[in-house]
1. How many of the residues in the range 52-61 are surrounded by 11 or more Cβ atoms within 10 Å (Cβ to Cβ) and not in a strand (DSSP E or B)?
2. Consider residue 49 carefully, then state whether it is touching a strand residue (DSSP E or B) at 6+ places or on another chain (Cβ under 9 Å), modelled with pLDDT of 90 or more and assigned to a strand (DSSP E or B).
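The values are calculated or read from the model by the stated rules, or taken from the named source; none is laboratory data. Worth saying up front: this structure is predicted, and the values here are computed from it rather than measured. Every residue, glycine among them, receives a Cβ derived from its backbone with ideal geometry; neighbour counts consider all protein chains shown.
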Amino acid sequence: MKYLIVLVVVLVGIWFWRNNRRAALREKAQSRAAAKPVAGPHQHATEVVECAVCSLHLPRIDALPGGRGMYCSEAHRRQAEK
């Protein structure tokens, strides 16, 4: 009889331990998911263009538009459009 009681106590202890472990793993996964940035419609990839003179790749925001393409500097734009 005493072995049966010991067995029940051990099984209940294992059950509590497993439930606490699962809850801790679930919280850890939720905190990781909350910490990761989620790509959404507000995050856009930067478009890269090539300078028509020197073939330098740069973001479209920094490029200078010209009649024959995009340029990395004013000097290259003037050089290409002579």
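1. Count: 5.
2. In short, yes.
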